[in-house]
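Notes to accompany the following structure.
Read the figures in this text as sums done on the coordinates, not as results from a lab. Here the structure is a predicted model, which means the values were calculated and not measured. In this analysis, Cβ positions are derived from the backbone assuming ideal geometry, glycine residues included, and neighbour counts consider all displayed protein chains.
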Amino acid sequence: MEINLCAAKNPEEPPHRMLEFKVRDTGEGINPLQLESIYDPFTSYSGSVGLGLFLVKQQAARLGGSCGVESELGQGTVAWFRVPYILPAFNPQAVVQSTVSDGGLPNLQPQPNPTLDPPPDHATEKAAVSAGIKMSCEQGPAVEILLVDDVLPTQRLHALALEACGYVVELACNANEGFARMTQKKYTLVLCDIYMRPGRSGLELTSDYRKWEAIHRANKLPQPIMGLSASLSTELPGMCIAAGMQGVLEKPMDLNAVHSIIQTCGQNGDSDMNADQTLNTQEDP
């Protein structure tokens with residue numbers, strides 16, 4: 001396998017450059033008929049979940065970029081994506097003469113070009129959101145969240161984001177683990193992946209839990225449960241409601257949406273949401 005990283009000019013916007021990532025392998029290649037649908041969600045020809053390339057396409061588009069796959073049977077495959085970025089202007093006057101301790105090497109400090117708008121700092125923006133939510137959480141009781149997801153890298157990324165907001169996060173890697181934890185204690189909120197395999201899906205887990213809850217916690221308010229999905233269809237919110245969820249969130253999670261749901265549920269974990277308040281955070285195009 002070979003991985004290439006290069007920068008190329010974007011002729012449509014001269015101040016910008018396109019950063020291109022390429023991954024090349026020497027495998028058996030991909031059937032041309034399969035290439036047409038390879039970026040569709042839950043499409044896999046290798047037994048995986050089938051969300052990797054879909055998420056790459058989604059994120060590249062959000063950054064103003066693009067992606068593609070080139071393949072020939074027997075010759076291997078090349079997958080690539082490009083995203084724009086702006087090169088800072090270099091100011092020769094910013095070259096600072098080095099001291100002896102620097103080993104005689106100049107210290108070059110590129111200076112930003114004030115005439116160009118810098119790309120958005122998503123990391124700083126997310127940190128500000130997390131800090132604001134954390135400050136709000138510190139003023140009330142602990143918020144305990146159960147995160148049920150069978151894709152461990154995705155689970156860990158979401159857990160880190162939630163913990164940065166000050167939430168206490170417990171993890172379950174499949175429906176069986178999630179059900180066991182949900183029957184042991186009540187959480188402020190349960191975030192459950194819709195499509196998990198092998199075994200029960202998030203919808204089946206929720207339906208089974210509601211049956212258990214009706215017997216063992218009949219006199220208590222229901223456990224708030226929100227679905228998680230990287231691909232929101234028009235039918236999915238209704239399916240979540242029918243299974244007993246309060247709604248569904250799109251991956252990657254919007255932390256402000258999660259915080260809003262927690263405030264609606266009440267920080268003691270009691271849900272006063274109903275079907276008319278179901279949250280679907282998919283943004284309009």
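Here the calculated FRET efficiency for T183 and A242, from their Cβ-Cβ distance with R0 = 22 Å, stands at 0.55, rounded to the nearest 0.05. Add +1 for every Lys or Arg and -1 for every Asp or Glu among the other residues with Cβ under 11 Å from the Cβ of P32, and state the total. Residues near P32 contribute -3 overall. Full extension of the segment from N176 to E72, taken as 0.36 nm per residue of separation minus the current Cα-Cα distance, would add 33.3 nm. Local charge for Y209 was computed over the other residues whose Cβ lies under 14 Å away, with Lys and Arg +1 and Asp and Glu -1, and equals +4. Take 207-217, 187-197 and order them by the average number of nearby Cβ atoms within 10 Å per residue, most first; the result is 187-197, 207-217. With r as the distance between the Cβ atoms of L160 and T264 and R0 = 30 Å, compute the FRET efficiency 1/(1 + (r/R0)^6) and round to 0.05. Efficiency at R0 = 30 Å is approximately 0.80. Below 13 angstrom from the Cβ of V248, what's the summed charge of the other residues (Lys, Arg +1; Asp, Glu -1)? Result for the local shell: -3. Stretching the chain fully between V23 and W212 yields a gain of 63.3 nm (0.36 nm per residue, less the alpha carbon separation). By the count of neighbouring beta-carbon atoms within 10 Å, fewest first, S66, S71, S233 end up ordered S233, S66, S71.
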